[in-house]
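One structure below.
The values are calculated or read from the model by the stated rules, or taken from the named source; none is laboratory data. Given the structure is predicted, the values throughout are model-derived calculations rather than measurements. Methodologically, a virtual Cβ is constructed for each residue, glycine included, from the backbone with ideal geometry; neighbour enumeration extends over all protein chains shown. The area values use the complete protein model at the heavy-atom level, side chains included, leaving out ligands, DNA and RNA. Shrake-Rupley method; radii C 1.70, N 1.55, O 1.52, S 1.80 Å.
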Amino acid sequence: MRIQEICAEQRPREKALQQGLRSLSDVELLALMLGSGTRNRPVMDLAADVLKATSNLADWESFTPASFMKIPGIREVKALHLAAAVDLVRRIKRARAFRSRPFVFNEVLEWCQLEFGFSSREHFAAVFLDTKGRILSSRVLSVGTQTESLVSIKGAFRAALEENAASVMFFHNHPSQDVSPSPQDIETTRALEEAGCTMGIDVVDHIIVGGSDWFSMKLSGYMKGE
């Protein structure tokens, strides 16, 4: 159905203005984001195509502009608009997690999942905290391949010293999206914890993320502190 064929008060733009964005269905919200359809595909149908391609939004986080452009009727500009929505959410999550107050685990985790959870390469990263548990900064310490990252224990704590961190939380992702720890992950965690003890820098946790899933070395008993 074309927008012109919908009664004025039920068109996505008018409905959002009168009743609020939450009154829109997923298709209507996507239609509002897309703005227009194509010569052969009305915007509501195009929005339905995007919804279907992303498994009713469940796979949205893994889509890039190139992914969106595989949907017939989605060209560069529309693909960028759709991908920008994901990046804006990631930035909101980061801003919320990194504001100046003691960090909230779930907020940092959500940001990390958006940042690295769907990456095709393994990243090893750290979030540095001050003595009051406030986030000082974050840093990607290494980027590896689809199956492994090169972790430098010395490099990790050199970065912590540079940030004047009192404690640090480590993250890495599994591109396979299976967050089960490998023997190397367990060995690395213990090496990080030992080095932290020597340096007087507390290792809060070592988290593995993959897709929307995660695994905590601390909560699972792989760290001496537990």
Open item on the list: If the reach is capped at under 27 angstrom between alpha carbons, list the lysines near LYS93, excluding any in the same chain fewer than eight residues apart.
Closed with: LYS52, LYS78, LYS132, LYS218
TODO: Evaluate the distance, in nm, between pseudo-label points positioned 7 Å from the Cα of ASP130 and of ASP87 along their respective Cα→Cβ axes.
DONE: 3.0 nm
Open item on the list: Highest mean first, how do 85-92, 189-196 rank when packing is the count of other Cβ atoms within 10 Å averaged over residues?
Closed with: 189-196, 85-92
- [ ] Please report how far the C-alpha centroid of the stretch 29-58 lies from that of the stretch 195-224, rounded to the nearest whole angstrom.
- [x] 41 Å
Task: Residues of type aspartates and glutamates that LYS224 reaches as a straight line, Cα spacing below 14 Å, ignoring anything fewer than 8 places off in the same chain - done: GLU187, GLU193, GLU194, ASP202, ASP205
TODO: Taking the Cα centre of the chain as origin, sum charge times position over the Cβ atoms of Lys and Arg (+1) and Asp and Glu (-1), and report the length of that vector in debye to the nearest 20.
DONE: 820 debye
TODO: Would you grab the residues whose amide H sits under 5 Å from the one on LEU136? Only those 5+ places off in sequence or on another chain, please, with H modelled 1.01 Å from N.
DONE: PHE128, LEU129, ASP130
Task: Accessible surface of TRP214 - all protein chains present, 1.4 Å probe, nearest 10 Å² - done: 90 Å²
Open item on the list: With a 1.4 Å probe and all protein chains left in place, how much of the accessible area of the stretch 186-226 comes from carbon and sulfur atoms, in whole percent?
Closed with: 49 percent
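Among the DSSP beta bridges whose two residues both lie in the chain, what percent are antiparallel, rounded to the nearest 5?
Close to 70 percent.
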Open item on the list: If you fit an axis through the alpha-carbon atoms of helix 76-98 and take the longest principal axis of the Cα set of the chain, what angle between them do you get, 0 to 90°, nearest 10?
Closed with: 40 degrees
Task: Among SER120, GLY35, GLY73 the positive-end extreme of the charge dipole of the chain (Cβ point charges) - done: GLY35
Task: the chain: calculated mean residue ellipticity at 222 nm from DSSP helix runs of at least 4, using -39500 (n - 2.57) - done: -13000 deg cm²/dmol
Open item on the list: Modelling each spin label as a point 7 Å along the Cα-to-Cβ direction, I'd like the ALA58/ARG96 distance in nm, to one decimal.
Closed with: 2.2 nm
Open item on the list: At 1.4 Å probe radius, can you tell me the per residue accessible area of the chain in Å²?
Closed with: 55 Å²
Task: Listed peptides 121-129, 154-162 by packing density, highest first (mean Cβ within 10 Å) - done: 121-129, 154-162
TODO: With +1 on each Lys and Arg Cβ and -1 on each Asp and Glu Cβ, and nothing else charged, work out how big the dipole of the stretch 10-82 is about its Cα centre, in Debye to the nearest 20.
DONE: 260 debye
